[in-house]
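A.B. asks: There's a structure below that I have some questions on.
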Amino acid sequence: MRWLLICILWSSNIAAQSLMPNPPSISEPSSVQYALSRTQEFALSTDKQLHMAGCFMISSLTTSYVYNRTADKRKAIAIGFGAGMVAGIAKEIYDIRYGNPDWNDILADAIGSGLGAISITFTF
């Protein structure tokens, strides 16, 4: 059941990203509007969403696996978060040579890894 839910969430995320265009540039007449436009640009960027989703998947799967093996929540969260961040940082290192590196991608990786590691350890 868990794998089915993960596959449904993953496929709906990919489908939603293919329908959403990147946001248009907003002129920045004031510093407040500039900060809001940068935040909106970060939140609506397809690349950042992919980074968050990928790290969420890696982190949540790793956290779940470690928690099932050890029954230690702190250890599972630390290892799950670390696995997501290692994957995200490895992708940025790859982007230095072959792509478009961006520090905001690391932030998106941290958000996805953190959410993936913490959300799996909730007991219902």
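The values are calculated or read from the model by the stated rules, or taken from the named source; none is laboratory data. Since the model is a prediction, treat every value here as computed from it, not as a measurement. Cβ coordinates were reconstructed from backbone atoms using ideal geometry, including for glycine residues, and neighbour counts include every protein chain displayed. Heavy atoms of the whole protein, side chains included, go into the accessibility calculation; ligands, DNA and RNA do not. Shrake-Rupley method; radii C 1.70, N 1.55, O 1.52, S 1.80 Å.
A.B. asks: Restricting to region 61-100, name every residue that is of a type in the set (F, W, Y) and open to solvent by 90 Å² or more (accessible area, probe 1.4 Å).
C.D. replies: Within region 61-100, Y65, Y94, Y98 qualify.
A.B. asks: Let me ask something additional. If you take the residues of region 101-115 that are touching a residue at least 60 places away in the same chain (Cβ under 8 Å) and open to solvent by less than 70 Å² (accessible area, probe 1.4 Å), which of them is farthest from S64 (Cα to Cα)?
C.D. replies: N104
A.B. asks: Tally the residues that are under 13 Å from M52 (Cβ atoms) and not hydrophobic (A, V, I, L, M, F, W, C), restricting the search to region 79-112.
C.D. replies: 7
A.B. asks: Now, a different point. Which condition does S27 not pass, out of (1) at pLDDT below 85; (2) open to solvent by 80 Å² or more (accessible area, probe 1.4 Å); (3) hydroxyl-bearing (S, T, Y); (4) assigned to a helix (DSSP H, G or I), if it passes all the others?
C.D. replies: For S27, the failing item is (4).
To keep it simple, each residue is scored yes or no on (1) assigned to a helix (DSSP H, G or I); (2) touching a residue at least 12 places away in the same chain (Cβ under 8 Å); (3) among the basic types (K, R); (4) touching a strand residue (DSSP E or B) at 6+ places or on another chain (Cβ under 8 Å).
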residue: Y65; (1), (2), (3), (4): yes, no, no, no
residue: R69; (1), (2), (3), (4): yes, no, yes, no
residue: G88; (1), (2), (3), (4): yes, yes, no, no
residue: K91; (1), (2), (3), (4): yes, yes, yes, no
residue: D95; (1), (2), (3), (4): yes, no, no, no
